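**Student:** To start, I am sharing the structure in question, which I have written as structure tokens.
The values are calculated or read from the model by the stated rules, or taken from the named source; none is laboratory data. Predicted model, so just to flag it, every value in this text is computed and none were measured. Glycine also receives a Cβ, built like all others from the backbone with ideal geometry; neighbour counts cover every protein chain displayed. Protein only, heavy atoms only, side chains kept; ligands, DNA and RNA dropped before computing areas. Shrake-Rupley method; radii C 1.70, N 1.55, O 1.52, S 1.80 Å.
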Amino acid sequence: MTITITAFKDSPDKGRGQARDMRVRWALEEVGQPYDVRLVSFAEMKEPAHLSLQPFGQIPTYEEGEVDLFESGAIVLHIAERYAGLLPKVPRGRARAIAWMFTALNTVEPPILELENAMFFERDKSWHPQRLPMVEDRIRRRLMTLSERLGDADWLDGAFSAGDLVMVGVLRRLKGSSLLAEQPRLFAYVARGEARPAFERAFAAQLAVFTGKQSVFE
Ligand code: GTB
């Protein structure tokens, strides 16, 4: 069955692998499933054909036979459940890997999104200088706890899992900020994820979309 995902035709991140199709590509590479990519423009994302797949007019989406999905976390979970390689077989390990996926999306990513909103949309507000350190501190607290929990382990709960894939994907959003570098264990954790051959293949594939093109935002 052919798997088709959607990604930005003109990614504003210029191929740095920050758009959420990267998590889906990485998961598919980890489980060894080939996939097609339908590139969509910002205008196409808001048209009925795409809205029927993604109600909010966003990427990524996932189609495979009768299954069509949106939300990168749900897509990664579907891939991990359908194909071997991203979830432990034992019930406890499996449940905990899924818990780490939710932790990444529900506990770690929200303050990081707040920071992105503060930097992109609130810089001209009079209260921005007061708000920014508060937002950064919220991230710092999350990262400290996560770093303590990871300790000297390579991955969060035993072998590499979908939980690590989503967590590394979330932490990569901090790549341009000193907040990640402040936590050497997490910095190394992200580097370990990025060194996986499946990550490298996924990154190269999304970069190839951008290569030779100029971003629409440039
Ligand atoms: N919760 C959804 C999911 O996880 O799938 C969120 C999906 C989402 O935010 N999609 C974004 C999108 O389609 C792309 S990934 N935006 C277009 C729109 O809303 O109209 C977010 C993203 C975009 C750009 C960068 N960047 O340039 O660095 C990074 C992340």
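**Student:** Within the set of pairs 6 or more residues apart or between chains, which connect a residue that is closer than 10 Å to residue 143 by Cα inside the range 168-194 to a residue that is in a helix (DSSP H, G or I) and open to solvent by 50 Å² or more (accessible area, probe 1.4 Å) with Cβ atoms less than 6 Å apart?
**Tutor:** Every condition considered, the pairs that remain are 180/187.
**Student:** Take the residues in the range 27-40 that are out of contact with any strand residue (DSSP E or B) (no Cβ under 8 Å at 6 or more places or on another chain) and open to solvent by less than 30 Å² (accessible area, probe 1.4 Å), then tell me which one is nearest to the ligand (Cβ to nearest atom).
**Tutor:** That would be 27.
**Student:** For residue 109, only one of the following conditions fails: (1) more than 14 Å from the chain's Cα centre (by Cα); (2) of a type in the set (D, E, K, R); (3) surrounded by 14 or more Cβ atoms within 10 Å (Cβ to Cβ); (4) closer than 22 Å to residue 199 by Cα. What is its number?
**Tutor:** (1)
**Student:** Would you point out which residue out of 24, 90, 67 is within 16 Å of the ligand (Cβ to nearest atom), open to solvent by 40 Å² or more (accessible area, probe 1.4 Å) and of a type in the set (A, V, I, L, M)?
**Tutor:** On inspection, the qualifying residue turns out to be 67.
**Student:** Still on this structure, I have one more. Could you list, in sequence order, all residues of the range 41-58 that are within 9 Å of the ligand (Cβ to nearest atom) and either open to solvent by less than 20 Å² (accessible area, probe 1.4 Å) or among the hydroxyl-bearing types (Ser, Thr, Tyr) (or both)?
**Tutor:** Passing the criteria: 45, 54, 57.
**Student:** Return the residues of the range 70-84 that are outside any helix (DSSP H, G or I), of a type outside the set (D, E, K, R) and within 13 Å of the ligand (Cβ to nearest atom); say none if nothing qualifies.
**Tutor:** Across the range 70-84, the qualifying residue is only 70.
**Student:** Moving to a separate point now. Can you list the helices (runs of 4 or more DSSP H) found entirely within the range 109-211 that contain at least 1 residues being closer than 22 Å to residue 98 by Cα? Write out each step before concluding.
**Tutor:** Numbers: elements: 109-121, 128-150, 162-171, 178-181, 184-194, 197-210.
The helices (runs of 4 or more DSSP H) meeting that bar are 109-121, 128-150, 162-171, 184-194, 197-210.
**Student:** Residue 15 versus (1) at pLDDT 95 or above; (2) surrounded by fewer than 21 Cβ atoms within 10 Å (Cβ to Cβ); (3) within 14 Å of the ligand (Cβ to nearest atom): which is the lone unmet condition?
**Tutor:** (1)
**Student:** Could you please find all residues in the range 17-42 being within 14 Å of residue 204 (Cα to Cα) and among the basic types (Lys, Arg)?
**Tutor:** Once the filter is applied, which keeps residues that are within 14 Å of residue 204 (Cα to Cα) and among the basic types (Lys, Arg), the range 17-42 yields 23, 25.
One line per residue, one yes/no per condition, for (1) more than 16 Å from the ligand (Cβ to nearest atom); (2) of a type in the set (Val, Ile, Thr); (3) in contact with a Lys or Arg (Cβ under 7 Å, 6 or more places away or on another chain):
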{"position": "103", "(1), (2), (3)": "no, yes, no"}
{"position": "106", "(1), (2), (3)": "no, no, no"}
{"position": "109", "(1), (2), (3)": "no, no, no"}
{"position": "126", "(1), (2), (3)": "yes, no, no"}
{"position": "140", "(1), (2), (3)": "yes, no, no"}
{"position": "146", "(1), (2), (3)": "yes, no, no"}
{"position": "154", "(1), (2), (3)": "yes, no, yes"}
